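Below: one structure, written as structure tokens.
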Amino acid sequence: MVAIASSKSTVASVRPFPRARLGDSELVAEVRRGSPHALRAIWERYAEAVRATLYSSLGGDPAIDDLTQEVFVSFFRRAAQLRDPSALRSYLMGSAVRLAAVEKRSRARRRRRLEALASDPWGPGEQRPNVAGRDALRALRAILDNVSERPRMAFILRYVQDLTPPEVAVALGVSEATAKRAIARGRERVTLLASREPALQSYLGRLGRDSE
Amino acid sequence: MKPSEHQHSEMQARALGALLGEEAQEFAAEHPLPTADALLERAWSGLAPRPTWHRTTWRISGALAAAAAVVLLSVWLLRMLSPAPLRYEAKGASETDQGTFVARQVTPARLEFSDGSAVVLSSGAKVQVRETTPRGATLLLDRGIATSEIVHQPGAAWSLLAGTFSVRVVGTRFVTEWTPTSGRLRVEVLEGSVSVEGGPLSTQSVVRAGQRFHADARSGAWGVEALHEPGEAAAAPSADFADVASSATAPTGGGLGNASGAETPAASADSVRLASAPTWADLMSRGDFKTIVSEAKRRGIDSCLTGCSPADVRRLADAARYTGEYALAERALVALRGRSPGSAAVASYLLGTLNESRGRSGAALRWYETYLREAPGGQFHADALLARMRLSAATGRHQAARQAAREYLAAHPNGVGATAARGILDKP
């Protein structure tokens with residue numbers, strides 16, 4: 001026993017336990033301890049969903065991968081304050097819609113400044129956002145731009161990412177009742193505007209016929 | 001907003017959400033996700049203090065870098081010249097500290113070593129990998145049952161420590177149970193031989209295949225006996241490694257003698273599962289829905305719907321919904337209703353939402369009505385009433401819509417659908 005206890009440890013050379021098999025809470029605990037492996041595992045688990053959320057909010061955009069990273073870097077720095085580690089998915093989705101909202105505001109300011117200078121809002125070297133060509137999608141994006149922030153975020157979380165109302169509440173950091181109201185407002189506003197939009201009328205009209 | 005527009009809004013919102021979701025999926029298919037490397041670089045660079053470089057700092061840094069390069073080169077050369085220590089991987093265990101693994105309460109765990117040796121931990125057992133060398137490893141069994149299969153190789157040197165005991169191994173298959181609270185050790189040797197020392201033993205005691213060693217560190221009593229009494233059928237060893245590796249039944253440690261009558265930490269045979277395979281509950285908690293669906297397809301959907309536990313059928317339904325496999329989700333939910341009466345109502349509600357998402361208003365309405373009948377005070381009562389009101393109006397059943405609106409307002413006068421319900425009732 002003594003000999004064993006004093007023997008050299010070579011544990012560092014062994015293969016670590018695969019993080020991909022850990023649950024969200026365990027991974028968050030490891031991230032809090034500064035584990036890069038755990039952060040990598042969380043990225044591999046949720047990056048696609050986070051990027052999809054950003055995409056739903058902003059559309060195709062050259063910065064979308066950077067923003068996806070930003071969500072995870074922000075999580076990494078605030079992991080210690082995460083109240084419920086098991087709600088990691090909702091937390092990341094919430095971060096994504098909030099970041100998208102900040103980005104939208106910042107772009108709107110930038111665009112106003114550029115318009116004041118009578119120049120192209122997207123500079124000569126800057127790639128234009130790859131907004132989908134389909135009329136319905138373009139119209140839907142324009143509608144979302146005209147919905148206020150919280151209802152828009154709630155709409156995307158509920159109807160695009162399929163989060164339940166309690167998950168939306170966690171993602172937005174509000175009570176469940178507030179989340180439900182935000183979902184209702186987002187839904188009513190989006191569908192009202194969609195009903196007035198010719199490009200979406202045909203899409204929704206087809207839906208109505210299919211349901212009969 | 002007009003009431004008629006509001007009645008369609010939920011269905012329309014789902015359709016619009018699906019439109020955006022499909023676009024995001026197309027984008028993902030065309031643009032592979034970057035690896036995590038850039039993220040990690042940003043994460044660490046953001047935390048690191050911003051250095052202020054001076055000439056002296058550069059010189060010191062250069063010297064340190066050169067010294068580090070020499071050290072690294074030396075270590076690399078040493079490693080190249082000497083054989084590498086064994087590597088291992090833990091499956092189904094939680095790593096509580098570096099190198100320390102605990103098998104979960106209901107599933108055994110398995111440590112697999114690069115030389116082909118393996119150690120299966122029965123549920124609740126805890127082991128620490130103290131050291132690995134090119135010829136073996138030293139494990140500390142903190143508690144519970146460990147079943148070891150050590151590959152016999154020239155010069156192999158393995159040790160399993162338990163309390164004050166030490167079990168030395170060259171190449172063998174054996175089961176060890178250590179109960180720290182009572183200080184009792186049992187070792188059953190199935191193949192080869194081991195030597196035990198420490199505790200009350202003044203010298204090594206060799207235990208051969210077919211023998212059981214038992215000792216009590218407190219009383220100092222110990223002995224070696226035959227595993228099976230004459231005429232007793234040789235029970236299957238507690239840990240059949242072939243089974244562990246290839247089937248869904250895992251070792252239980254149950255073959256270990258228990259003359260003291262003390263309860264072993266091993267779970268019953270049907271409560272433990274393959275150590276290396278994550279459960280669907282694990283996969284759900286990780287958000288790995290695609291694996292659940294593909295696993296179900298691999299097993300055969302019909303087989304799963306009839307043979308999996310109701311909880312797993314529900315998990316399959318959820319995973320299928322989340323991955324857009326709506327037809328499969330519907331099958332699973334219908335099967336769940338037949339398999340688990342306690343889940344039937346919730347399955348009805350989910351079938352309602354599923355059909356509504358797919359624009360099948362008639363079917364959705366029927367499922368919502370089923371839910372309301374089956375769970376009058378259920379957790380989705382408000383949502384189901386709203387859905388019934390919405391879909392009844394959308395499909396021209398105005399009386400049913402008014403009835404649903406009245407019921408909704410009676411139960412939830414301040415609910416999120418109260419305005420819409422009043423709008424329906426106010427309409428002539």
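Looking at the structure I just gave you, is B:GLY377 within 43 Å of the chain's Cα centre (by Cα) and open to solvent by less than 30 Å² (accessible area, probe 1.4 Å)?
No: the conditions fail for B:GLY377.
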For the range B:399-418, which positions are free of Cβ contacts under 8 Å to residues at least 12 places away in the same chain and assigned to a helix (DSSP H, G or I)? B:GLN399, B:GLN403, B:ALA410, B:ALA418
Flagged pairs (Cβ under 7 angstrom, 6 or more apart or on separate chains; first in the range B:215-233, of a type outside the set (Asp, Glu); second surrounded by fewer than 11 Cβ atoms within 10 Å (Cβ to Cβ) and modelled with pLDDT under 80) are B:HIS228/B:ALA234
Within the range B:404-425, restricting to residues that are within 11 Å of chain A (Cβ to nearest Cβ) and of a type in the set (Gly, Ala, Ser), the one that is surrounded by the fewest Cβ atoms within 10 Å (Cβ to Cβ) is B:ALA418
For the range B:383-403, give me the residue count where each residue is within 12 Å of chain A (Cβ to nearest Cβ) and buried (at least 17 other Cβ atoms within 10 Å of the Cβ). 6
List, please: which pairs have Cβ atoms under 8 Å, are six or more places apart or on different chains, and start with a residue in the range A:53-72 that is in contact (Cβ under 8 Å) with a residue 60 or more places away in the chain and assigned to a helix (DSSP H, G or I) and end with one that is of a type in the set (D, E, K, R) and surrounded by 20 or more Cβ atoms within 10 Å (Cβ to Cβ)? A:SER56/B:GLU23; A:SER57/A:ARG152
Of the residues A:GLY125, A:GLY94, only one is at pLDDT below 85 and either in contact with a helix residue (DSSP H, G or I) (Cβ under 9 Å, 6 or more places away or on another chain) or assigned to a loop (DSSP other than H, G, I, E, B) (or both); which? A:GLY125
Condition check: modelled with pLDDT of 85 or more and of a type in the set (Lys, Arg). Does A:ARG181 satisfy that? yes
Filter the range B:197-214 for residues that are of a type in the set (A, V, I, L, M) and free of Cβ contacts under 8 Å to residues at least 12 places away in the same chain and give the result. none
Selection count, the range A:29-56, where residues are at the interface with chain B (Cβ under 9 Å from one of its Cβ atoms) and of a type in the set (Lys, Arg): 3
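The values are calculated or read from the model by the stated rules, or taken from the named source; none is laboratory data. Keep in mind it's a predicted model, so treat the numbers as computed, not measured. Cβ sites come from the backbone with ideal geometry, for glycine too, and all protein chains shown count toward neighbours. Heads up: the accessible areas ignore ligands, DNA and RNA and are worked out on the full protein's heavy atoms, side chains in. Shrake-Rupley method; radii C 1.70, N 1.55, O 1.52, S 1.80 Å.
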